[in-house]
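Structure record follows, encoded as structure tokens.
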Amino acid sequence: MTKRIVVTGIGATSALGGTAPENWANLLAGVSGTHTLTHDWIETYQIPVTFAAEASVRPEEVLPRHEAKRLDPSVQFGMIAAREAWADAGAPEVAPERLGIDWATGIGGLWTLLDAWDTLREKGPRRVMPLTVPMLMPNAGAGNLSLYFGAKAFARTVVSACASSTESIANAYQHLQDDLADVIIAGGAESAIHPITMASFASAQALSRRNDDPEHASRPGAIDRDGFVMGEGGAALVMETEEHAKARGAKIYAYVVGGGVSADSYHITGNDPEGHGAARAVEQALAQAGASPDEVTHINAHATSTPVGDPNEYGALKKVFGDRIDQIPVSATKASTGHLLGGTGALEAVFTILALRDRVAPPTINMTEPDPAVPFQLSGEPQPLGPGPQLGISNSFGFGGHNAVVAFRSYDG
């Protein structure tokens, strides 16, 4: 028997704000979180791209100093988002053996690893912190969350590049269906605005080069888009069965009704231009939801603002929705937040949930001249979704050919 899975808590920290409500308000207001970087390393290493979407609230402003120093920044952001989501859910009383963690990151403890390498070279092995490995490992987020919340059902980690945290939510849906837990904290986080990643993505010509106009650099769907903008932060959902949520009198944001995961097996960095894998992930999510493409009322697109990626996503969605894709309100929220890599799917899941709740598709800022090859129904203003039940999907596609999609239904009970 298929269980009804609901979201009872949300948390988010990004360039748009330090909480989920701040992120949502600034997204709807059309705020850009992208700014020129002021770090010394930009000039020291002559990084060709001088801007990014850094988190507006720094972890050291939120976490106690003694705690923050034992966590990589990617885990710090995850801890902040998860704690907000848990409090928002009413801090559910659940047996430790029935509480699980489905977490994600795309890169993990990058800052810890490279800082330790600098310490080794400059000061020798005795000065390398003993906690270096526990801080840099990709599962550090899941492990530390399980310790903090006392989760003993499981603490799982997905590392599938930019599809990571969408896949973690899809996994959480399945784990609840399989009765492996009563409550799960799902999501992901990333902190990779670092000279190595900035230089590497710039070398790959993946980043926008609009150093003179950073606030307008990310422009998904626009004909003059020239690359994505690095972002950072994290987001989390508290998910549980509807039965469990109602028994404790929890507020409910939305239903999670399905997830789809596939692989392109095409190229290590490029997605399949025919869009077969991405389309299959959407179809899987809708099939699990017991829904037809005609029921979808909103899409949060992966839409990173790269010249190749945006039209490929459009082509994939046209395989599923046909000409109707041109009438579905679409949001490309990376224009405002930048691209959080492994954390981006969870943040966009939060936005999709709130879009269904408030019946409004958030704006896609920086739309100049639309690209005829990407004729999504994007708008620089919020788009009303209308009355009645809502069904939304959130897409994430990552290096390695990873595709992940999650479907949500509005909660009207």
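The values are calculated or read from the model by the stated rules, or taken from the named source; none is laboratory data. Keep in mind that this is a model prediction, so the values were computed, not measured. Note that each Cβ is placed from the backbone with ideal geometry, even for glycine, and that neighbours are counted across all protein chains shown.
When each of Gly388, Gly315 is tested for being surrounded by fewer than 24 Cβ atoms within 10 Å (Cβ to Cβ) and on the phi > 0 side of the Ramachandran plot, the lone residue that passes is Gly388.
Could you tell me how many of the residues in region 262-288 are over 15 Å from Glu167 (Cα atoms) and β-branched (Val, Ile, Thr)? Selection size over region 262-288: 2.
For region 4-15, the set of residues classified as aliphatic (A, V, I, L, M) and either in contact with a His (Cβ under 9 Å, 6 or more places away or on another chain) or more than 15 Å from Ala355 (Cβ to Cβ) (or both) consists of Ile5, Val6, Ala15, listed by residue number.
Taking the stated definitions as given, is Gly342 modelled with pLDDT of 95 or more, of a type outside the set (A, V, I, L, M, F, W, C), under 22 Å from Leu110 (Cβ atoms) and touching a Gly at 6+ places or on another chain (Cβ under 7 Å)? For Gly342, the condition - modelled with pLDDT of 95 or more, of a type outside the set (A, V, I, L, M, F, W, C), under 22 Å from Leu110 (Cβ atoms) and touching a Gly at 6+ places or on another chain (Cβ under 7 Å) - is met.
Of the helices (runs of 4 or more DSSP H) entirely within region 163-249, those holding at least 1 residues that are within 19 Å of Thr8 (Cβ to Cβ) and hydroxyl-bearing (Ser, Thr, Tyr) occupy 164-177. Select from region 278-287 the residues that are out of contact with any helix residue (DSSP H, G or I) (no Cβ under 8 Å at 6 or more places or on another chain), buried (at least 17 other Cβ atoms within 10 Å of the Cβ) and either closer than 11 Å to Ala407 by Cβ or not basic (Lys, Arg) (or both) and list them in ascending order. Within region 278-287, Ala281, Gln284 qualify.
Quickly run through region 32-41 and pick out the residues that are farther than 16 Å from Trp111 by Cβ and either charged (D, E, K, R) or surrounded by 19 or more Cβ atoms within 10 Å (Cβ to Cβ) (or both).
Answer for region 32-41, where residues must be farther than 16 Å from Trp111 by Cβ and either charged (D, E, K, R) or surrounded by 19 or more Cβ atoms within 10 Å (Cβ to Cβ) (or both): Ser32, Gly33, Thr34.
Restricting attention to region 327-355, the residues that are surrounded by fewer than 24 Cβ atoms within 10 Å (Cβ to Cβ) and assigned to a helix (DSSP H, G or I) add up to 2. Checking each residue in region 96-114 for being surrounded by fewer than 21 Cβ atoms within 10 Å (Cβ to Cβ) and free of Cβ contacts under 8 Å to residues at least 60 places away in the same chain picks out Pro96, Glu97, Leu113. Considering region 100-114, and only residues there that are of a type outside the set (Gly, Ala, Ser) and assigned to a loop (DSSP other than H, G, I, E, B), the residue that is nearest to Thr157 (Cα to Cα) turns out to be Thr105.
Take region 137-154 and flag every residue that is among the aliphatic types (A, V, I, L, M) and either without any contact (Cβ under 8 Å) to a residue 60 or more places away in the chain or on the phi > 0 side of the Ramachandran plot (or both).
Answer for region 137-154, where residues must be among the aliphatic types (A, V, I, L, M) and either without any contact (Cβ under 8 Å) to a residue 60 or more places away in the chain or on the phi > 0 side of the Ramachandran plot (or both): Met137, Ala142, Leu147, Ala151, Ala153.
The residue of region 60-104 that is nearest to the chain's Cα centre (by Cα), among those that are acidic (Asp, Glu) and closer than 23 Å to Ala170 by Cα, is Asp102. For region 1-51, residues that are under 19 Å from Ala81 (Cβ atoms) and assigned to a strand (DSSP E or B) total 10.
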